[in-house]
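Remarks on the structure that follows.
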Amino acid sequence: MSNATLSAKRSSLRGATLPKWFPWAVAAGSLALGYGISAAAGLDSDIQWALIAAVLFVVGSYAVSAKIEGSRQAKDRTATSLVWVAFLLAVTPLASLLWETVERGVKVLDVFFLTHSMGVVADAEPGGGIYHAMLGTLEQVGLAALISVPVGVLTAIYLVEYGRGRLAKAVTFFVDVMTGIPSIVAGLFILSLWVLILKMGPSGFAGSLALSILMIPVVVRSTEEMLKLVPNELREASLALGVPKWRTILKVVLPTSIGGIITGVMLAIARITGETAPVLLLVWGTDFINANPFQDPQESLPMYIYLQFGAGSDASHDRAWAAALTLIAFIMILNLVARGIARWKAPKTGR
Amino acid sequence: MAKRIDVSGLNAYYGSFLAIEDISMTVEPRSVTAFIGPSGCGKSTFLRTLNRMHEVTPGGRVDGKVMLDDENLYGAGIDPVAVRREVGMVFQRPNPFPTMSVYDNVAAGLRLNGKYKKSQLDDIVEKSLKGANLWNEVKDRLNKPGSGLSGGQQQRLCIARAIAVEPNVLLMDEPCSALDPISTLAIEDLIGELKEQFTIVIVTHNMQQAARVSDRTAFFNLAAVGQPGKLIEIDDTERIFSNPSVQATEDYISGRFG
Ligand SMILES: Nc1ncnc2c1ncn2[C@@H]1O[C@H](COP(=O)(O)OP(=O)(O)OP(=O)(O)O)[C@@H](O)[C@H]1O
Ligand SMILES: [Mg+2]
């Protein structure tokens, strides 16, 4: 008797299931069909047949699965396939962008390119490099980080640990507003303050000031989130030991959240590294190496790309792509470093 | 080292909400005092007023007097940080610092408060861990993260951390509520030993535990939800559990309640 109930139960728990290869088969089928249909209809854009295939895939797997597995599994499959389609839609442009940049960028990217400036090279000629632009970007971004990180982190500490009442609300509001400032406006603001009112000339530092306006709100926001994640119990544990509040923040709250804070800072740096507008307005650009960020125009990578692309010769296009590749690589390395630090500094749980 | 606590006319608020009203009691040095009472009657709130942790909560406010021997904790010019060094606290949920090793957790209170020599710290850490009955279990893994210990070990680590700064009074808010019977027993034994040196106040929902570990017991109650909690009576534990002078106490202890 018990055997009978067992087997009965089993069959009620175990419906018909499609094999593991089913989604792959549907995907292959809908790709082929999509290609066929668009060829027949004379559509020649890649996007058109890919979209047809995507729709066929979602509809097809729902129909087949609803027939064989029942409607709940079919819905489950539809959700899964929608997620996959969305994923592919998101990744395709990214992958093709990377592919394009690498393919075009490696042509002239070599040690010579990384170690020479455009000083004696006309835009139409081959040769030259991005040394002056990399130097400028590093200095401008470094200075911007030097300004923004202390200001941003301290603001976040104020908001999370001390801020009560009106002042905190006002600060939060201004940070929100700052988050939305377009980079060209930040550039114009510094232009009017630094160049027109204070009568200073263009320099890397002026660019850094504008970049910090863009960077500070990002640092504040991400640091705030990280500090809020620190459990209150840890603060209370420390306070109850007779540790003053500022030491509690310094020795308990910050170490607990430092991984996340550093990640946030790195992402903020990555964001401002690609900014062009403020640099155009405030740093002006040059073909020569200028290691002093406090005086005279400097170059930066995004501006170099912009100018080289605008120059319009084959050689300058190659250089623009190579510089773009360098910029992407630089940001990628920053992100990897951020992840590494976050993992290394994360609170340890193992034995 | 142990000090007497003398509370009189104490009210504690959360914003405009009066959480406990007009509490007066004396806690004897070198003894264990247990707080019992239904959930929400303000035991934790009262406990936290004893080391000025109540005001850490936003909106937290206290009036009344808490005398630690002959000093009013709420008197003018009293530094709450200094108070908390004298009156240590162990929380309901174990909360070791996640970034610190076992050793650093115990040394935290001292390190964060000033400079100590390594050898001095070594001695204090060993003494405190032994005091918390944890030394044998962790002596080979002092440099491993404190959060890698079991829940019961973590709670004893927190006790070690609290006694390492040598407070005069130790407050414990349901220290065993997250623990198994064996860890609970270990901590109860520990309380018995610690009372030789410290004044101990413990909040518990476990009547047997109150009866086992405490010398005196205080019963708190509240008239209704939203009303402030009050101290109903405080007496020798034996009397409270055998022959309390208030009917409500007897009802609560024998389970005839609500
Ligand atoms: N942070 C807070 N903000 C506002 N009200 C609070 C806060 N903490 C506690 N209260 C209120 O104060 C009263 C007493 O709470 P308390 O935590 O002291 O009770 P308790 O006796 O410790 O209860 P339990 O036995 O469940 O731990 C309750 O009415 C509670 O809602
Ligand atoms: Mg409580």
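The values are calculated or read from the model by the stated rules, or taken from the named source; none is laboratory data. Remember, predicted model here, so these are calculated numbers, not experimental data. Quick reminder, even Gly has a Cβ in these numbers, built from the backbone with ideal geometry, and neighbours come from all protein chains shown.
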| query | Consider B:Ile36 against the criteria (1) within 16 Å of ligand 1 (Cβ to nearest atom); (2) surrounded by fewer than 22 Cβ atoms within 10 Å (Cβ to Cβ): it satisfies all of them except one. Which criterion is unmet? | reply | (2)
| query | farther than 29 Å from B:Asp173 by Cβ and surrounded by fewer than 17 Cβ atoms within 10 Å (Cβ to Cβ) - does that describe any residue in the range A:204-220? | reply | no
| Residue among A:Trp321, A:Trp344 that alone is in contact (Cβ under 8 Å) with a residue 40 or more places away in the chain, assigned to a helix (DSSP H, G or I) and within 14 Å of chain B (Cβ to nearest Cβ) | A:Trp344
| query | Where residues in the range B:11-33 are within 16 Å of ligand 2 (Cβ to nearest atom) and among the small types (Gly, Ala, Ser), which of them is surrounded by the fewest Cβ atoms within 10 Å (Cβ to Cβ)? | reply | B:Ala19
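Name the single residue, out of those in the range B:199-223 being under 22 Å from B:Leu18 (Cα atoms) and within 11 Å of ligand 1 (Cβ to nearest atom), that is farthest from the chain's Cα centre (by Cα).
The extreme case among them is B:Leu222.
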| task | Restrict the check to the range A:139-159 and report whether at least one residue is farther than 30 Å from A:Lys228 by Cβ, out of contact with any helix residue (DSSP H, G or I) (no Cβ under 7 Å at 6 or more places or on another chain) and buried (at least 23 other Cβ atoms within 10 Å of the Cβ). | result | no
| Listed residues B:Asp251, B:Asp215, B:Asp236, B:Asp180; which is surrounded by fewer than 21 Cβ atoms within 10 Å (Cβ to Cβ) and either within 16 Å of ligand 2 (Cβ to nearest atom) or in contact (Cβ under 8 Å) with a residue 40 or more places away in the chain (or both)? | B:Asp215
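Residue by residue, here is whether (1) in contact with a Lys or Arg (Cβ under 7 Å, 6 or more places away or on another chain); (2) in a helix (DSSP H, G or I); (3) not assigned by TED's automatic domain parsing to the domain that holds A:Leu13 holds:
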position: A:Leu33; (1), (2), (3): no, yes, no
position: A:Ala40; (1), (2), (3): no, yes, no
position: A:Leu43; (1), (2), (3): no, no, no
position: A:Leu56; (1), (2), (3): no, yes, no
position: A:Ser61; (1), (2), (3): yes, yes, no
position: A:Ser65; (1), (2), (3): yes, yes, no
position: A:Asp76; (1), (2), (3): no, yes, no
| note | A careful count of residues in the range B:117-148 that are more than 22 Å from the chain's Cα centre (by Cα) and either among the polar types (S, T, N, Q) or within 14 Å of chain A (Cβ to nearest Cβ) (or both) gives 12
| query | Of all the residues that make up the range A:235-252, how many are within 10 Å of chain B (Cβ to nearest Cβ) and crowded, with 19+ Cβ neighbours inside 10 Å? | reply | 10
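Only one of B:Ala107, B:Ala82 is over 30 Å from B:Asn206 (Cβ atoms), facing chain A (nearest Cβ under 9 Å) and of a type in the set (A, V, I, L, M, F, W, C). Can you tell me which?
Working: B:Ala107 fails: facing chain A (nearest Cβ under 9 Å).
Only one candidate qualifies: B:Ala82.
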| Qualifying positions in the range B:52-105 - in a strand (DSSP E or B), surrounded by fewer than 18 Cβ atoms within 10 Å (Cβ to Cβ) and among the hydrophobic types (A, V, I, L, M, F, W, C) | B:Met67
| remark: If we take the range B:165-242, then strands (runs of 3 or more DSSP E) inside it with 2 or more residues that are farther than 30 Å from B:Arg111 by Cβ are B:216-222, B:229-236
| request: Quick one: count up the residues across the range B:150-193 that are within 16 Å of ligand 1 (Cβ to nearest atom), more than 19 Å from B:Ile5 (Cα to Cα) and within 14 Å of chain A (Cβ to nearest Cβ). | output: 3
| Among the residues listed as A:Lys228, A:Lys199, A:Lys169, A:Lys251, the single one being outside any helix (DSSP H, G or I) and assigned by TED's automatic domain parsing to the domain that holds A:Asp296 | A:Lys199
| said: Can you tell me which residue is farthest from ligand 2 (Cβ to nearest atom) among those in the range B:53-89 that are within 19 Å of the chain's Cα centre (by Cα) and of a type in the set (Gly, Ala, Ser)? | reply: B:Ala82
